[in-house]
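Undergrad: Please read through the structure below; I'll follow up with questions.
The values are calculated or read from the model by the stated rules, or taken from the named source; none is laboratory data. These numbers come from a predicted model, not from an experiment. Reconstructed Cβ throughout: ideal geometry from the backbone, glycine too, with neighbour counts over all protein chains shown.
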Amino acid sequence: MSGYCDVAPGHEWHGPYHQHEYGVPLRGDDELFERLVLEINQAGLSWLTILKKRESFRAAYAGFVVDRVAAFGPDDIDRLLADPGIIRNKLKVHAAIHNAQVIQRLRDSHGSFHAWLLAHHPRAKADWVKLFAKNFRFTGGEIVGEFLMSIGFLPGAHRADCPAGMAMMSLDLPWKRAVDGGFAGYAAF
């Protein structure tokens, strides 16, 4: 994602995200759910649009608290589809609710969404895409790839010479741990 490393620094919206969030590992279910919802809603739109609407998404989706969103019903769906502060796409709204329910089930089977990710790590992007398709809605190749890069499970969030990326190399990045352990499944990055 070298192009992002060129345009994000100094940008009012992209700069802080690029510097402090993009590629940084997340562990909490609500944090991971937020990122997944935002990535899903970005499909077909610009990331700038999503960053500008982020606070509206947070309000509309109950602070991205998984259990609260998983309990959303028809009235909540109607409310979301009428909310001009978010992306009013029926498939994306339904996907958010369904995916919150999936995360609840992953808690039952693995303890957390993060533990589920770790249980399937490492794997190549194509294998992640297949795994997500079996469990989640509205998670095609670009969405899954961006989601996993943005949380440190796939390489490629930053160029090798990007100052933000270099600073993140001191973090416990799951993709880096896999490479250091001999995993060769990231050849495309």
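Undergrad: Can you pull out the residues in the stretch 131-152 that are on the phi < 0 side of the Ramachandran plot, touching a residue at least 60 places away in the same chain (Cβ under 8 Å) and crowded, with 16+ Cβ neighbours inside 10 Å?
TA: Result: Phe136, Thr139, Ile143, Glu146, Phe147, Met149, Ser150, Ile151.
Undergrad: Being farther than 20 Å from Ser112 by Cβ and modelled with pLDDT of 95 or more is the requirement here; does Ala62 meet it?
TA: Values: farther than 20 Å from Ser112 by Cβ: no; modelled with pLDDT of 95 or more: yes.
No, not satisfied.
Undergrad: Okay, moving on. Quick check on this structure: which one of Leu148, Leu154 is in a loop (DSSP other than H, G, I, E, B) and either closer than 16 Å to Trp128 by Cα or polar (S, T, N, Q) (or both)?
TA: None of the other options fit; the residue is Leu154.
Undergrad: Here is a follow-up. Tell me, please, whether a residue that is under 21 Å from Glu31 (Cβ atoms), in a loop (DSSP other than H, G, I, E, B) and modelled with pLDDT of 95 or more can be found in the stretch 90-108.
TA: There is no residue in the stretch 90-108 that is under 21 Å from Glu31 (Cβ atoms), in a loop (DSSP other than H, G, I, E, B) and modelled with pLDDT of 95 or more.
Undergrad: Between a first residue in the stretch 1-23 that is touching a residue at least 24 places away in the same chain (Cβ under 8 Å) and a second residue that is among the hydroxyl-bearing types (Ser, Thr, Tyr) and surrounded by 14 or more Cβ atoms within 10 Å (Cβ to Cβ), which pairs have beta carbons less than 6 Å apart while being 6 or more apart in sequence or on different chains?
TA: Correct list of pairs: Tyr22/Ser150.
Undergrad: Output the residues belonging to the stretch 59-82 that are buried (at least 17 other Cβ atoms within 10 Å of the Cβ) and either in contact with a Gly (Cβ under 6 Å, 6 or more places away or on another chain) or charged (D, E, K, R) (or both).
TA: Selection gives Asp76 alone.
Undergrad: In this structure, does Asp83 turn out to be part of a helix (DSSP H, G or I), over 17 Å from Glu31 (Cα atoms), of a type in the set (Asp, Glu) and over 19 Å from the mean Cα position of the chain (by Cα)?
TA: No.
Undergrad: Can you tell me how many residues within the stretch 164-174 are out of contact with any helix residue (DSSP H, G or I) (no Cβ under 8 Å at 6 or more places or on another chain) and touching a residue at least 24 places away in the same chain (Cβ under 8 Å)? Give the derivation first.
TA: As a first pass, look at the stretch 164-174 and keep what is out of contact with any helix residue (DSSP H, G or I) (no Cβ under 8 Å at 6 or more places or on another chain): 166-168, 170-173.
With the extra rule that they be touching a residue at least 24 places away in the same chain (Cβ under 8 Å), the set shrinks to 168, 171-173.
Residues flagged as out of contact with any helix residue (DSSP H, G or I) (no Cβ under 8 Å at 6 or more places or on another chain) and touching a residue at least 24 places away in the same chain (Cβ under 8 Å) within the stretch 164-174 amount to 4.
Undergrad: Here's something else I'd like to know. Give me the pairs: first residue in the stretch 24-37 and without any contact (Cβ under 8 Å) to a residue 40 or more places away in the chain, second residue of a type in the set (Phe, Trp, Tyr), beta-carbon distance under 6 Å, and six or more apart or on different chains, which are they?
TA: Close Cβ pairs (under 6 Å, with a partner that is of a type in the set (Phe, Trp, Tyr)) amount to Asp30/Phe64; Glu34/Phe64.
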